[in-house]
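S.K.: Encoded as structure tokens, here's the structure I'll be asking about.
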Amino acid sequence: MQIKPIEQKKLKKEELHILSKFFNAELNSDELDNLSNWLKIDENQKKFEQYSIANHISDLSVKKYNVDNAFEKFTSTIDSDQKQPKGILLYFKPYYKYAAIFIMAILLGFYFINKRAKLSSRLASVVVPIGKKKSIELPDGTKVVINSASTLTYNKDFVNDRVVTLDGEAYFDVPKYKGQSFIVELNNQIKIKVLGTSFDVKSYHEDARIETALFEGKIEIISNIPTKENIIINSNTIAIIDKHHNSIQLLVNDDHTKDALSWQKNEFIFYHEYLSDIIHELNRFYDVEIIINSHELEHNYFSASFKEGASLTEVLRDLSISGNFNVNKIDATHFEIHN
């Protein structure tokens, strides 16, 4: 709702609703812009100052305010103000603008602090440490297996807002629920939208690639990159998004689809992956720090597989032989890779 400047000395109910939403930290970005434009009018600055002092300056705690009570309180303040000698009002009139700006600056700070607090209180996060895995069930019945060093965040009111944010890797078995879409947000540019399906997503912020393996159903990969179109993929397909080259590769009906869940069995199966991403995965699984001291080696591709129980020494030895590089062990948890 856009607030328009008015000539009356008393605030309208619709304006009070906007101001009430402001103090309850409930305005969206458009409403904030409208409020800012409304405050550019001198008369509105005066009203805002009077309303703020009457209702909120003495109590900046986060709580709900009753609009009708605020309206009565505000009008009584206006009436009281009008009874003051006109000379006093004329004396202070030049300062209304600065007072309103000052108050607005203070309250904007509280607004965004309260906004963040409200958002935080509505979110739940599942954090899985390095070397661990965790299985959970979301309120809509979605079953999730979360891999090592991953974080899954979702709204506590999940049945009405089926959106999760993932940093890491997880397998989702999503049931259909009242026709509502299920959305996985991977970063600021990629989302995965489904209705009911099972799929695996690997999206660690430090990795160069995002991988989605679809086992059943259909998903839509939504990109906020202007030059990229959304892609719909069907079952038994892997989508590989290369963040370095801003490209998407589809492996359709590929034998490697089933290998996407090898991590649940503590196995490693790498197919044409950057050495840097392989090393990141080893760091997360074995809880070590392996550093590649060669930019060229980081972007070399490798394919390899290691069964459950393979030691870090075995994995590094086999990779170094196939990649013709050297591994220097600094101590039990620190290693360097170089040409």
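S.K.: By how many nm would the segment from residue 178 to residue 136 grow when fully extended, if each residue of separation counts as 0.36 nm and the alpha-carbon distance is taken off?
M.R.: Stretched out fully, the residue 178 to residue 136 stretch lengthens by 13.0 nm.
S.K.: Still on this model: Quick one: if you stick a label point 7 Å off each Cα along the C-beta vector at residue 12 and residue 163, how many nm between them?
M.R.: Once both label points are built, they end up 3.1 nm from each other.
S.K.: Oh, and also: Find how much the distance from residue 313 to residue 40 grows on full extension, using 0.36 nm per residue of separation minus their present alpha carbon separation; answer in nm with one decimal.
M.R.: Working it through step by step, the gained length comes to 91.5 nm.
S.K.: Something else: Please list the non-local residues whose amide H lies under 5 Å from the amide H of residue 269, H modeled 1.01 Å from N, same-chain partners needing a gap of 5 or more.
M.R.: So residue 269 has HN proximity to 306.
S.K.: Moving to a separate point now. Kindly write out, for the range 301-310 in residue order, the coupling ³J(HN,Hα) from the Karplus curve 6.51 cos²θ - 1.76 cosθ + 1.60 (θ = phi - 60°), rounded to whole Hz, with x marking Gly and Pro.
M.R.: 8, 9, 10, 6, 9, 9, 7, 4, x, 5
S.K.: Please report, for the Cα atoms of the range 266-339, the Rg to one decimal and the Dmax as a whole number; what are they, in angstrom?
M.R.: 11.1, 30
S.K.: Multiply the residue gap between residue 31 and residue 126 by 0.36 nm, knock off their C-alpha separation, and tell me the result in nm, one decimal place.
M.R.: 30.9 nm
S.K.: Search the structure for amide H atoms under 5 Å from the amide H of residue 291, placed 1.01 Å from N in the peptide plane, and list their residues when 5 or more places away or on another chain.
M.R.: HN-HN under 5 Å from residue 291: 335, 336, 337.
S.K.: What order do you get for 194, 252, 126 when you list them from fewest to most C-beta neighbours inside 10 Å?
M.R.: Sorted ascending by nearby Cβ count, the order is 252, 126, 194.
S.K.: Hand me the GluC sites (Glu not before Pro) from the range 242-326 located in a DSSP loop with no more than 16 other Cβ atoms within 10 Å, in residue order please.
M.R.: 267, 308
S.K.: Taking neighbour Cβ counts within 10 Å as the exposure measure, how do 151, 142 sort from fewest upward?
M.R.: 151, 142
S.K.: So what J values fall out for the range 312-320 if you push phi through Karplus, 6.51 cos²θ - 1.76 cosθ + 1.60 with θ = phi - 60°, rounded to Hz, Gly and Pro as x?
M.R.: 4, 4, 5, 4, 5, 4, 5, 5, 5
S.K.: What shape does the range 122-256 have by the C-alpha gyration tensor, where a ≥ b ≥ c are the square roots of the eigenvalues, rounded means a/c under 1.5, and otherwise prolate means a/b greater than b/c and oblate the rest?
M.R.: Note, shape of the range 122-256 comes out rounded.
Every number here is computed from the coordinates shown, using simple stated rules; none is lab data. Since this is a predicted model, take the numbers as computed values, not measurements. In this analysis, Cβ positions are derived from the backbone assuming ideal geometry, glycine residues included, and neighbour counts consider all displayed protein chains.
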